[in-house]
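Before any comments, here is the structure.
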Amino acid sequence: RDGKEPKLGILPGFFARVWNVAVRDEHIMKELIHCLLTFISSCPSSKKVFTVPLPQCRSNLISLVMEYTSKSTGQTWSKSLCGLMQVMTSLCPIIEARVQIQRAKYPATIFERMLKMKSSREHVGVNNKYNSILEFLSALTFHKEGQQLVIGIKSFLEVIVEFLEDPSTKSTIQRSIFILVRNLSFNKNNKVHFISNPKFIPIMLAFIQNPENLEELLVTREATGALWGLVASDQKVKAALSRESVRSELQLLKSDFDRELEMKAFSKYLPENQKTDATANDKIIDIKQRITHNLRAVLNLLA
């Protein structure tokens, strides 16, 4: 709290000993995950506890978590995967963690594990598990090395397209996918991968709509953000989207959002709308403003 570098002391060894017990007991694992997440959020600089060598061991905590999440099975693993992926997500900002993630080729192994869950048609909490893995990949791709690692995963784009094509895919997963695409597009060399897949651009455009449902509206926000990321500074993507029909559709959609925003701005002053939930209304307005901002940027680039 005083800004000084924290002394890790016995913490690495303590967490390691608890870990050895937790992998055999789902209740202890649940409490350990809660403890680790609280520890990380309360003292972010202490994330180093995950990367320092453990006493009398060549490994460290992040290595234990990576190996367990990508290789283990059983009830404890099933119930703890989402929490452990949240721990991994919180570690992405520190360079020491990303170095070890890269060395272990963890994005590829955890993505492969997700594919095994998908092919086995596991049903218990599977959507939350998918989303926790995708959120980790999204956090990792905020960084250059993560962008290179994820785009290099075998069959990555094909699997992403399968998720988007599947009508049963939850909106939270769709949002995570588009956030991931946006982050990957920060690396200009990655954009060609999306263009080379003939299905991806049409599918992404299909998600750019004006729905009434809040969850679908959130998906549209992330889809337009991903589209903006792909179009920016890339002539090939611009060429793929420069058809008059595409521009006209995007312009029409933007006009719809603009008109709705104007109506909402005035309607809140009407007596019959005074009793409505202002917070929910403001949230919808904020989302639609972001969508129009993204669409305006895309259209300017395509002009």
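Which ones in the stretch 193-202 are open to solvent by 70 Å² or more (accessible area, probe 1.4 Å) and over 20 Å from ASP166 (Cβ atoms)? Residues satisfying the conditions are HIS193, SER196.
Can you pull out the residues in the stretch 215-233 that are touching a residue at least 60 places away in the same chain (Cβ under 8 Å) and either of a type in the set (D, E, K, R) or surrounded by 18 or more Cβ atoms within 10 Å (Cβ to Cβ) (or both)? Matches in the stretch 215-233: LEU217, LEU218, THR220, ARG221, THR224, GLY225, LEU227, TRP228, VAL231. Taking the stretch 150-214 as the region of interest, the helices (runs of 4 or more DSSP H) fully inside it that hold 2 or more residues being under 14 Å from the mean Cα position of the chain (by Cα) and touching a residue at least 40 places away in the same chain (Cβ under 8 Å) are 171-184. In the stretch 56-81, of all residues being under 22 Å from ASN127 (Cβ atoms) and of a type in the set (Gly, Ala, Ser), the one that is surrounded by the most Cβ atoms within 10 Å (Cβ to Cβ) corresponds to SER80. Within the stretch 203-213, being modelled with pLDDT under 90 and open to solvent by 20 Å² or more (accessible area, probe 1.4 Å) holds for GLN209, ASN210, GLU212, ASN213.
State all residues of the stretch 282-296 that are of a type in the set (Val, Ile, Thr) and within 15 Å of VAL219 (Cβ to Cβ); if no residue qualifies, say none. Result: ILE284, ILE287, ILE291. Here is a check on your reading of the model: is VAL126 open to solvent by less than 50 Å² (accessible area, probe 1.4 Å) and either under 13 Å from the mean Cα position of the chain (by Cα) or of a type in the set (Ser, Thr, Tyr) (or both)? When the stated conditions are applied, VAL126 does not pass them. Checking the stretch 82-98 against the condition returns no match, with no residue being open to solvent by 30 Å² or more (accessible area, probe 1.4 Å), farther than 22 Å from PHE142 by Cβ, without any contact (Cβ under 8 Å) to a residue 12 or more places away in the chain and not in a loop (DSSP other than H, G, I, E, B). Please go through the stretch 153-192 and give me each residue that is closer than 19 Å to LYS129 by Cα, surrounded by fewer than 21 Cβ atoms within 10 Å (Cβ to Cβ) and basic (Lys, Arg), ordered by number. Scanning the stretch 153-192 gives a single hit, LYS170.
The values are calculated or read from the model by the stated rules, or taken from the named source; none is laboratory data. Predicted, not measured: the structure shown is a model, and the values here were computed from it. Every residue, glycine among them, receives a Cβ derived from its backbone with ideal geometry; neighbour counts consider all protein chains shown. Areas reflect the complete protein model, heavy atoms only, side chains present, ligands, DNA and RNA absent. Shrake-Rupley method; radii C 1.70, N 1.55, O 1.52, S 1.80 Å.
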